[in-house]
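Below is one structure, written out as structure tokens; the observations come after it.
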Amino acid sequence: MRKTILDDGFHSYLVEGASFVGAAGIPALMNLKNTQIPKGLIPFEKAKQTSNKRQYVHFYMHDKFFADVLTSTTKYVDLLKEFDGVISPDCTMLIGQSPCLQQTNTYFNRAVGYYLQKQGIPVIPNIRWSDESSFEYCFLGVPKNSIVSISTHGCIRSNKQKEIFKQGLNEMIKVLNPTDVLVHGYMPDVVFKDLEDKTNFHRYPSLFEQTHPKEECA
């Protein structure tokens, strides 16, 4: 009789050996201290075409462009090993989105990051929140006093969005006390100015900025 393999959709091999934290059961990344401030960032969708491997690969793009990395992670290990490191996946979290979905996306952010760490790839945690309601789980599983990464691209278009983003950024710094924060995208003073003495920020232009130098759209 053929053995049936039950796939629960969460790809348990990703988190084999991991610790889980919080009521949501988020996998904890290992505190390996093997990351560095990247010389540059490159979007995952461009990784196969570049000859410059002295960069960290990021996933600051529409989820559909890296969905396969979440479901077939093993296929991409060899490619990602060619680079200096990886920023964990930026799975969408939206205001008004079901908390269950937001927790799931936080789970996959950490689960894929943890798995890549186990393959010997330096991983910088990407931190993503929606609004205050996500604070109870969106910072879980991230080592304190380490390098983290965020993206402002598409998140700070209106004054209200800037206000919410700053609230989350302030809370992230309070909870995680990061030594350094990589910022993918614009850094408007209204969001970042008051926080410059709390950590070290390192800005990296988004692909949109690089391809539309005369336009300014956060």
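Some notes on this structure:
- Rounded to the nearest 20 debye, dipole of region 45-101 from Cβ charges on Lys, Arg, Asp, Glu: 160
- Estimated dipole of the chain in Debye, rounded to 20 [Cβ of Lys and Arg +1, of Asp and Glu -1, Cα centre]: 500
- Listed by chain and number, the lysines whose C-alpha is less than 29 Å from the C-alpha of Lys81, apart from same-chain residues fewer than 8 away, are Lys33, Lys39, Lys46, Lys48, Lys53, Lys64, Lys118, Lys144.
- Accessible area per residue in Å² at 1.4 Å probe, computed on the chain: 51
- Nearest-20 debye value, region 112-204 charge dipole, Cβ charges on Lys, Arg, Asp, Glu: 220
- For region 82-91, backbone phi angles converted through the Karplus equation (6.51, -1.76, 1.60; θ = phi - 60°) give residue-by-residue couplings of 6, 9, 4, x, 9, 9, 4, x, 9, 6 Hz, Gly and Pro being listed as x.
- For region 181-189, backbone phi angles converted through the Karplus equation (6.51, -1.76, 1.60; θ = phi - 60°) give residue-by-residue couplings of 10, 7, 10, 8, x, 5, 10, x, 4 Hz, Gly and Pro being listed as x.
- In region 23-67, the trypsin sites (Lys or Arg not before Pro) that fall in loop regions by DSSP, at most 13 other Cβ within 10 Å: Lys33, Lys39, Lys48, Lys53, Arg54
- Label point distance in nm, Ser158-Asp63, each placed 7 Å from Cα along Cα→Cβ: 2.2
- Thr74-Val175 pseudo-label distance in nm [points 7 Å out on the Cα-to-Cβ vector]: 3.3
- Computed FRET value (nearest 0.05) for Gln167 with Ser98, which takes r as the C-beta separation and R₀ as 25 Å: 0.75
- For the chain, adding -39500 (n - 2.57) for each run of n ≥ 4 DSSP H residues and dividing by the number of residues yields -7500 deg cm²/dmol at 222 nm.
- For region 51-122, with +1 on Lys and Arg beta carbons and -1 on Asp and Glu, the positive-most of Pro99, Tyr114, Ala67 along the dipole: Tyr114
- Tensor-based shape of region 62-218 (alpha-carbon gyration tensor, a/c under 1.5 rounded, otherwise prolate or oblate): rounded
- For region 64-147: rounded, prolate or oblate by the Cα gyration tensor [a/c cutoff 1.5]: oblate
- Here the chain carries DSSP beta bridges of which approximately 10% are antiparallel, counting only pairs with both residues inside.
- Shown here for region 53-93: chymotrypsin sites (Phe, Trp or Tyr not before Pro) in loop regions (DSSP other than H, G, I, E, B) with at most 12 other Cβ atoms within 10 Å, of which there are none.
- Carbon plus sulfur fraction of accessible area for the chain, probe 1.4 Å, in percent: 50
- Using a Förster distance of 30 Å, the FRET efficiency for Lys53-Lys144 (Cβ separation, nearest 0.05): 0.50
The values are calculated or read from the model by the stated rules, or taken from the named source; none is laboratory data. Quantities reported herein were computed from a predicted structural model and do not represent experimental measurements. Note that each Cβ is placed from the backbone with ideal geometry, even for glycine, and that neighbours are counted across all protein chains shown. Note: areas computed on protein heavy atoms with side chains; ligands, DNA, RNA excluded. Shrake-Rupley method; radii C 1.70, N 1.55, O 1.52, S 1.80 Å.
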